[in-house]
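Following: one structure in structure tokens, then a few remarks.
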Amino acid sequence: MEKNNWGVVIVAAGSGTRFGSGVPKQFLRLHERALIDWSINAFSSIEKIVEIVVVTPNDSELWKSFWNPPSGVKTVVGGLRRQDSVIAGLEALNSSRRVLVHDAARPLVSGSLIRRVMKGAEDSGAAVPVIPVRDTVKIVTSSSFVDGTVSRENLRMSQTPQGFILDDLLRVMREADEVTDECAAMERAGFEVLAVNGDPGNVKLTDPEDLTMMESLAGGTMESRTGTGLDFHPFKKGVPLVLGGCRMESEFGLSGHSDGDAVLHAIADSLLSAARLGDIGTLFPPEDDRWKGADSAVLLQKVCSLVRGEDWEIRQIDITVISSFPKISPVREIMIGRIAGITSTEPDRIWVKGTTTNTLGDIGKKRGLGCMVMTRISKIADMEVTGNL
């Protein structure tokens, strides 16, 4: 088991009766997707996360009529109390050293918040996201009279996901009295829990009005960017020809510090340009022997992880290979499939085509090839957290 492997337990075992809907709230639709799927998609994009468990209500006929678990997501039945459901989810993990516990009722969790909690837990053993209390807090008596005002200076509202070492949390939860969240159980057991900046947009669905607000946030201001990438490599006899992540039969390959895959290099540069995260030469400098002969698919995956770490979603990858050799159309679909796998992008968002220089220059003389890529990425504009922890 890798020490940095993370699992996720998404607690979706509630009946949702307090919400006042015939459908459990975690399976309601938000812009045509079940709420639970929003969280699953967010966690699935994080590189260190190796398994996801969803804790469901015990009436399987009920929830299966509203939701079909995505491939690779494990489901387990919850218990009478929240902590019983969490324990069931924790016990279902089998490849993780650390765990994130998340409420399915918070579908708008962002990748940046997830990573913030993960880093906090890796640094300190346990972490919880919190946001400042913005309103003045009053103590009110049972007879509805104000009995005092509470200082907000050290008050924070907790959110999920909360991050822990799996074995610690499982032991503590098994021994805990009634608690409202995992952080409370760890506190009572004597563990220090690091507070990290939460996200005001990570709202919890409690009342029908919250769903209206979520619809607005999920369909909020969309920021979109485009980037371009351009790469050229000469042919070299006796090295493998790797293009678009595909190894091709040829006595000539592409010369380069890595494997010379001009297509994947151009995609990487285009994504980095769109996300304003530098360029491939800065991230993987040719003078660094770590990247000598490197698999460009690995380099591109690292770039995609960086881009998604800033909450960008890859919307389009348009690729033009400039060459007299090899011909692109016979391998187009294979190449699209390979690039889709490397970038974790749906194939219908990727297109590959070829063109020539009409015999002009070294490319026209089959001495090398080039690749030009345009990418488009987008994300919902972040809501800023103000105030210090």
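The values are calculated or read from the model by the stated rules, or taken from the named source; none is laboratory data. Given the structure is predicted, the values throughout are model-derived calculations rather than measurements. As a convention, Cβ positions derive from the backbone with ideal geometry for all residues, glycine included, and neighbour counts pool all protein chains shown. Accessible surface is based on the protein model in full, side chains and every heavy atom, while ligands, DNA and RNA are left aside. Shrake-Rupley method; radii C 1.70, N 1.55, O 1.52, S 1.80 Å.
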Checklist entry - Taking into account only those residues within region 302-326 that are part of a strand (DSSP E or B) and among the polar types (S, T, N, Q), which is modelled with the highest pLDDT? => result Thr320
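Results for (1) closer than 25 Å to Ser112 by Cα; (2) assigned to a loop (DSSP other than H, G, I, E, B); (3) in contact with a helix residue (DSSP H, G or I) (Cβ under 7 Å, 6 or more places away or on another chain), shown as yes or no for each residue.
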| site | (1), (2), (3) |
| --- | --- |
| Met173 | no, no, yes |
| Pro200 | yes, yes, no |
| Thr212 | yes, no, no |
| Glu215 | yes, no, no |
| Thr226 | yes, no, yes |
| Leu230 | no, no, yes |
| Phe235 | no, no, no |
| Val239 | no, yes, no |
Checklist entry - Could we say that Leu306 is farther than 25 Å from Phe235 by Cβ, among the aliphatic types (A, V, I, L, M), in contact with a helix residue (DSSP H, G or I) (Cβ under 9 Å, 6 or more places away or on another chain) and open to solvent by 30 Å² or more (accessible area, probe 1.4 Å) here? => result yes
Checklist entry - Do we have Asp167 as touching a Leu at 6+ places or on another chain (Cβ under 8 Å), part of a helix (DSSP H, G or I), modelled with pLDDT of 95 or more and farther than 30 Å from Lys25 by Cβ here? => result no
Item to check | Arg338 vs. criteria assigned to a helix (DSSP H, G or I), farther than 23 Å from Arg376 by Cβ and out of contact with any helix residue (DSSP H, G or I) (no Cβ under 7 Å at 6 or more places or on another chain) | outcome: no
Next on the checklist: So if I check each of Ser96, Ser71, which one is of a type in the set (S, T, N, Q), more than 25 Å from Asp210 (Cβ to Cβ) and either open to solvent by less than 10 Å² (accessible area, probe 1.4 Å) or assigned to a strand (DSSP E or B) (or both)?
Outcome noted: Ser96
Checklist entry - Got a sec? Which of Ala274, Ala294, Ala268 is part of a loop (DSSP other than H, G, I, E, B) and closer than 26 Å to Ser45 by Cα? => result Ala294
Checklist entry - In region 323-342, which residue that is of a type outside the set (Lys, Arg) and open to solvent by 30 Å² or more (accessible area, probe 1.4 Å) is nearest to Ala42 (Cα to Cα)? => result Gly341
Checklist entry - Does Asp348 meet the test of being more than 22 Å from Pro240 (Cβ to Cβ), of a type outside the set (Val, Ile, Thr) and surrounded by fewer than 17 Cβ atoms within 10 Å (Cβ to Cβ)? => result yes
Next on the checklist: Criterion first (crowded, with 21+ Cβ neighbours inside 10 Å, among the small types (Gly, Ala, Ser) and within 29 Å of the chain's Cα centre (by Cα)) does Gly256 satisfy it?
Outcome noted: no
Checklist entry - Any idea which of Glu192, Glu209, Glu223 is touching a residue at least 60 places away in the same chain (Cβ under 8 Å), over 17 Å from Pro161 (Cβ atoms) and open to solvent by 70 Å² or more (accessible area, probe 1.4 Å)? => result Glu192
